[in-house]
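The values are calculated or read from the model by the stated rules, or taken from the named source; none is laboratory data. Treat the numbers as computed from the prediction; the structure is a model and nothing was measured. Cβ placement follows ideal geometry from the backbone for every residue including glycine, while neighbour counts extend to all protein chains displayed.
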Amino acid sequence: MAQITYKPPPTLEEFIKFHKKDELFQCWVTGPVGSGKTTADFFKLAYLASLETPDPDGVRRTKAVIVRNTMPQLKDTTIASWNYWFQDGVAGDWKETDKKFTLRFPGVECVTMFRALDTPDDVQRVLSLEVNFAIIDEFVQIPYQIVEALTGRLGRYRRPDGSKPTIYGMWGASNPDTEDNWWYDYLHRSSADASRNMPDDDVARYFKQPSGMSPQAENLDNLPNNYYTNLVKGKSPVWVKQFVEGEWGFSTAGTPVFSSFNKHVHVTKGLQFNKFLPLVVGFDPGLGGSAFVFMQLDLQGHLNVLGELIQRGIGAQRLVDERLKPYLQARFPDARVKLAVDPAARNRTQTDERTIVQTLKKDFDVWTESNNRLPLRLNAIDYFAARSVGAHEPALRIDGDHCPMLIRGAMGGWRWATHNKHDMLKSDEPEDTPYTHVCDAFAYGARYFHKKDEGVELRADPKKATAINPAQGQAPRYHFR
């Protein structure tokens, strides 16, 4: 996952550079409630309008649209905030019927339209505008298709003399949403989802405000005393994380499957591949989606998760030739590879008489569990996640640079399905999410180590299948067949 960077506000020279490169400049901000985000959006508009090239009469004319997802929210929050700062008859003229404010101050005239996206007709009207600027208030509530189409309406406004604009762009502010939202990948430019149309630093910038509980909290001078301290009282941890700490979370529709995971304990950086130890690759196959997770059990008993590969719409042979082999050569040269595969992969595919396992066995040593029971895999994950080895080091260590989707799945993206959207009763199966395949692949690898290591599971009575675990801190022994 790309690390969030804090960058200074763009200068006029930067805007001119982007214009010359024929690229669109975007700027997005997330932060706590009450942090002044919406107000900053409005004054950014006034500032940028003052940078436009003046007409022959000396007036800098521009046009903007401010978007919100529903009309009630547009009227009750966005327009109300605008009217506080830019009053009708003082800072310009307001037309209620058109939802349009013509902002005027010396040498500047900016026609600002307010639009909701309640209906398809509303959306079509927004997407037919010709403007310099677009502001999206609470942008996490706006779908990708709208944002993509809206970018094509920027820089289209022609001034009265027919000349084209010299400055344009799109920006917005929001409380963060959940990591399931497409905006998370868009803003963080996750390397795990290369199919997305990710912006680079020359096109979009993302600013994350400090937590409202931190010493660096913003806008405190304009808030009541102890505002955030009082705000968190009686609130759930999920609510506080999102609206006070300004952090992205996960949907609470279902509880996390990986309940023993702790990001601050289990995620690290710089894990090293040991070419003298076997590299076990958990694999969850499928044309609709598949994933490989690469891991090693070191001599101290750490289960080191070193990388992940996620893809869609690729058959077994192409997976091996175009994805798995190149990745192994690049990251784990000369590795002794063993694939721990979903038992269902032993079944014949719909396209030919071969099984996925048969395809894999042409190039790799393959292991499959005797059955596909989820509790066995969860037991294996919890075994490593709940243990410590050595000097109280976690037995499970996941590389934060190379396993972004697995980490996000463990944080809650891999969650139990609920019976319906109105209740919270947990079903017996996880919900099908973008994180399911990578978490299942990890579970197959963990199950391999849990079952194959004689120091982890000894069956004294075949009928009872009693598991005997070694003492805490004892390094398990390798036993490969």
Filter pass, residue 129 being surrounded by fewer than 20 Cβ atoms within 10 Å (Cβ to Cβ), in contact with a strand residue (DSSP E or B) (Cβ under 9 Å, 6 or more places away or on another chain) and closer than 21 Å to residue 70 by Cα
yes
I'm told residue 219 meets every condition in (1) in contact with a strand residue (DSSP E or B) (Cβ under 6 Å, 6 or more places away or on another chain); (2) in contact (Cβ under 8 Å) with a residue 12 or more places away in the chain except one. Can you identify the failing condition by its number?
(1)
Out of (1) more than 27 Å from the chain's Cα centre (by Cα); (2) modelled with pLDDT of 90 or more; (3) aliphatic (A, V, I, L, M), the odd one out for residue 309 is which?
(1)
Return the total of residues in the range 26-51 being outside any strand (DSSP E or B) and in contact with a Phe, Trp or Tyr (Cβ under 9 Å, 6 or more places away or on another chain).
16
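What do you reckon, is residue 296 crowded, with 20+ Cβ neighbours inside 10 Å, within 19 Å of residue 366 (Cα to Cα) and over 24 Å from the mean Cα position of the chain (by Cα)? Lay out the reasoning, then the answer.
Details: crowded, with 20+ Cβ neighbours inside 10 Å: yes; within 19 Å of residue 366 (Cα to Cα): yes; over 24 Å from the mean Cα position of the chain (by Cα): yes.
So residue 296 passes the test.
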Read through the list (1) at pLDDT 90 or above; (2) assigned by TED's automatic domain parsing to the domain that holds residue 67; (3) farther than 30 Å from residue 108 by Cα, then give the number of the only condition that residue 246 fails.
(2)
Residue 185, sole failed condition from (1) out of contact with any strand residue (DSSP E or B) (no Cβ under 8 Å at 6 or more places or on another chain); (2) at pLDDT 85 or above
(2)
Does the range 268-288 contain any residue that is acidic (Asp, Glu), outside any loop (DSSP other than H, G, I, E, B) and closer than 30 Å to residue 357 by Cα?
yes
Among 82, 94, the single one that is buried (at least 16 other Cβ atoms within 10 Å of the Cβ), of a type in the set (A, V, I, L, M, F, W, C) and free of Cβ contacts under 8 Å to residues at least 12 places away in the same chain is 94
Selection from the range 58-79 of residues crowded, with 17+ Cβ neighbours inside 10 Å and of a type in the set (Ser, Thr, Tyr) yields 62, 78
Identify the single condition in (1) surrounded by 20 or more Cβ atoms within 10 Å (Cβ to Cβ); (2) in contact with a Lys or Arg (Cβ under 6 Å, 6 or more places away or on another chain) that residue 258 does not satisfy, given that it satisfies every other one.
(2)
For the range 374-382, state whether one or more residues are at pLDDT below 90, touching a Ser or Thr at 6+ places or on another chain (Cβ under 8 Å) and either assigned by TED's automatic domain parsing to the domain that holds residue 290 or farther than 29 Å from residue 321 by Cα (or both).
no
Can you find a residue that is assigned by TED's automatic domain parsing to the domain that holds residue 444, acidic (Asp, Glu) and not in a helix (DSSP H, G or I) anywhere in the range 294-301?
yes
Here is a list of conditions, (1) out of contact with any Phe, Trp or Tyr (no Cβ under 8 Å at 6 or more places or on another chain); (2) part of a loop (DSSP other than H, G, I, E, B); (3) at pLDDT below 90, and residue 218 meets all of them except one; can you say which number that is?
(3)
Could you please find all residues in the range 115-133 being at pLDDT 85 or above and among the acidic types (Asp, Glu)?
130
Are there any pairs with C-beta distances below 6 angstrom linking a residue in the range 267-284 that is touching a residue at least 60 places away in the same chain (Cβ under 8 Å) and in the same structural domain as residue 325 (by TED's automatic domain parsing) to a residue that is buried (at least 22 other Cβ atoms within 10 Å of the Cβ) and of a type in the set (Asp, Glu), with the two at least 6 apart or on different chains, and if so which?
271/399; 284/342; 284/440
Scan the range 188-198 for residues that are surrounded by fewer than 18 Cβ atoms within 10 Å (Cβ to Cβ) and either at pLDDT 65 or above or not acidic (Asp, Glu) (or both) and report the count.
7
